[in-house]
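Worksheet: one structure, shown below.
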Amino acid sequence: MATRSFNRAERVGGQVQKVLASLIRKGVNDPRLAQATITGVTLSRDLRIAKVYFTAHGDVHDEQALLAGFQSAKGFIKRELARELGLRYMPELKFFYDASFDYGAHINRVLKSIQRNDEKDNSTADEQ
């Protein structure tokens, strides 16, 4: 069984994600980001660019408002990440909405609707 070694970009990305999640919970006072969750961070091999993926929980969320909140807090976030991580060079942060959770929720709703329809069809067939 071969073990997979993590490269530096993956390790630093994991650290960035952990610190960023904590910052959003405790340090960023922007109400637009109150429902935000960091779903992943990928760094370029040279650690110059960090792609930060986020989503929001709750029924109603505005992707553009969340993105604007992250852009507004970007300077604060970079300063805090640099202070917390002690990196020589702080990567440029680029924020992206992660729609995979929305898609998963949609698939779940479709499956439940199919199941309800199937149960309804089976109950009418049993009555006949």
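The values are calculated or read from the model by the stated rules, or taken from the named source; none is laboratory data. All values reported here derive from a predicted model rather than from experimental measurement. In this analysis, Cβ positions are derived from the backbone assuming ideal geometry, glycine residues included, and neighbour counts consider all displayed protein chains.
Check region 55-65 and report whether any residue there is buried (at least 17 other Cβ atoms within 10 Å of the Cβ), under 12 Å from Phe95 (Cα atoms) and polar (S, T, N, Q). Checked against the condition, which is being buried (at least 17 other Cβ atoms within 10 Å of the Cβ), under 12 Å from Phe95 (Cα atoms) and polar (S, T, N, Q), region 55-65 yields at least one hit.
Among the criteria (1) modelled with pLDDT under 90; (2) surrounded by 16 or more Cβ atoms within 10 Å (Cβ to Cβ); (3) more than 21 Å from Gly14 (Cβ to Cβ), the one Gly69 does not fulfil is (1). Restricting Leu87, Leu81 to residues that are over 16 Å from Lys26 (Cβ atoms) and aliphatic (A, V, I, L, M) narrows the list to Leu87.
Total residues in region 77-92 satisfying the condition of being within 20 Å of the chain's Cα centre (by Cα) and basic (Lys, Arg): the figure is 1. In this structure, Thr42 does satisfy being assigned by TED's automatic domain parsing to the domain that holds Met90, at pLDDT 90 or above, surrounded by 11 or more Cβ atoms within 10 Å (Cβ to Cβ) and of a type in the set (S, T, N, Q). Residues in region 11-25 that are exposed (fewer than 14 other Cβ atoms within 10 Å of the Cβ) and modelled with pLDDT of 90 or more: 1 in all.
So that you can scan it fast, the table gives a plain yes or no per residue for (1) part of a helix (DSSP H, G or I); (2) of a type outside the set (Gly, Ala, Ser):
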site	(1), (2)
Asn29	no, yes
Thr37	no, yes
Thr55	no, yes
Ala65	yes, no
Arg88	no, yes
Lys94	no, yes
Ile107	yes, yes
Gln115	yes, yes
